[in-house]
Amino acid sequence: LAADLVVAAQSASFGLPEVKRGLLAGAAGVFRLPAQIPHRLAMEMILTGDPISAPTAKDLGLINQVVPDENLMDAALALAERIAVNAPLSVQASKRIAIGLEDGKLRGEQEKWAQMGAEWVQLMKSEDAKEGPIAFAEKRAPNWTGT
């Protein structure tokens, strides 16, 4: 979700499974996904933890290309080469403007990172945050208590 361009193999899937483990998608997925695909679909992914296929991700505009698994590296390099032939300073300035990068930080994300950090601290005190990873490791369904 932090990538500007994504070339995915046909067999790839995309998701935020953390809620299935009693955790939070702590690498900004919880606020970046709704900014990149329709809100209700993002919320379904975030709240269910269910993944979507590469073709579905392409249809939603989450990724640029879906290619056969065996062509992944060639397709990614071809896209990179299309960028590399352009003027480097122009590409860099265009990217900074397009994504709102100022002094190495994305505009508008500081408050979201702070909120996520506060939520993470509270969540990690819960019994459910302990139970989810243990159940996953033990290959069993978690026993959620809401505490």
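Its relative contact order, with pairs defined as Cα atoms under 8 Å and 6+ residues apart, puts the chain at 30 percent. With the Cα gyration tensor of the chain giving a ≥ b ≥ c as the square roots of its eigenvalues, does the rule (a/c under 1.5 for rounded; else a/b larger than b/c for prolate; else oblate) give rounded, prolate or oblate? Taking the square roots of the gyration eigenvalues as a ≥ b ≥ c, the chain is oblate.
Each of the trypsin sites (Lys or Arg not before Pro) that DSSP puts in a loop and that has at most 15 other Cβ atoms within 10 Å breaks the chain; the longest unbroken stretch is 1-106. With a Förster radius of 22 Å applied to the C-beta separation of ALA129 and THR56, the computed FRET efficiency comes to 0.15.
Rolling a 1.4 Å probe over the heavy atoms of the protein chains gives the stretch 99-147 an accessible area of 77 Å² per residue. Counted without the sites themselves, the longest stretch of the chain free of GluC sites (Glu not before Pro) in a DSSP loop having at most 15 other beta carbon atoms within 10 Å is 1-108.
Using the Kirkwood radius built from alpha carbon pairs, what does the Stokes-Einstein equation give as D for the stretch 74-147 at 4 °C and 1.567 mPa s, in µm² per second? If you can, show how the numbers build up before the last one.
Working: Rh = 16.7 Å.
Answer, rounded: 78 µm²/s.
Using alpha carbons only, how many degrees (0 to 90, rounded to 10) separate the axis of helix 127-137 from the longest principal axis of the chain? The two axes meet at around 70 degrees. Using a simple spin-label model with pseudo-atoms 7 Å out from Cα toward Cβ, ALA118 and VAL85 lie 5.0 nm apart.
With angles folded into 0 to 90 degrees, how steeply does helix 110-123 sit against the dominant principal axis of the chain? Use alpha carbons for both and round to 10. Relative to the chain, helix 110-123 is tipped by roughly 30 degrees. Largest GNM mean-square fluctuation among ASP69, ASP50, ASP128, using the chain with Cα springs under 10 Å: ASP69. With 22 Å as the limit, the listed pairs LYS105/LYS130; LYS20/LYS125; LYS58/LYS139 have LYS105/LYS130; LYS58/LYS139 beyond it between alpha carbons.
Note on the chain: with neighbouring protein chains present and a 1.4 Å probe, carbon and sulfur make up 58 percent of its accessible heavy-atom surface.
The values are calculated or read from the model by the stated rules, or taken from the named source; none is laboratory data. In this text, all values refer to a predicted model and were calculated from it rather than measured experimentally. FYI the Cβ positions are ideal-geometry reconstructions off the backbone, even for glycines, and counts take in every protein chain you see. Areas reflect the complete protein model, heavy atoms only, side chains present, ligands, DNA and RNA absent. Shrake-Rupley method; radii C 1.70, N 1.55, O 1.52, S 1.80 Å.
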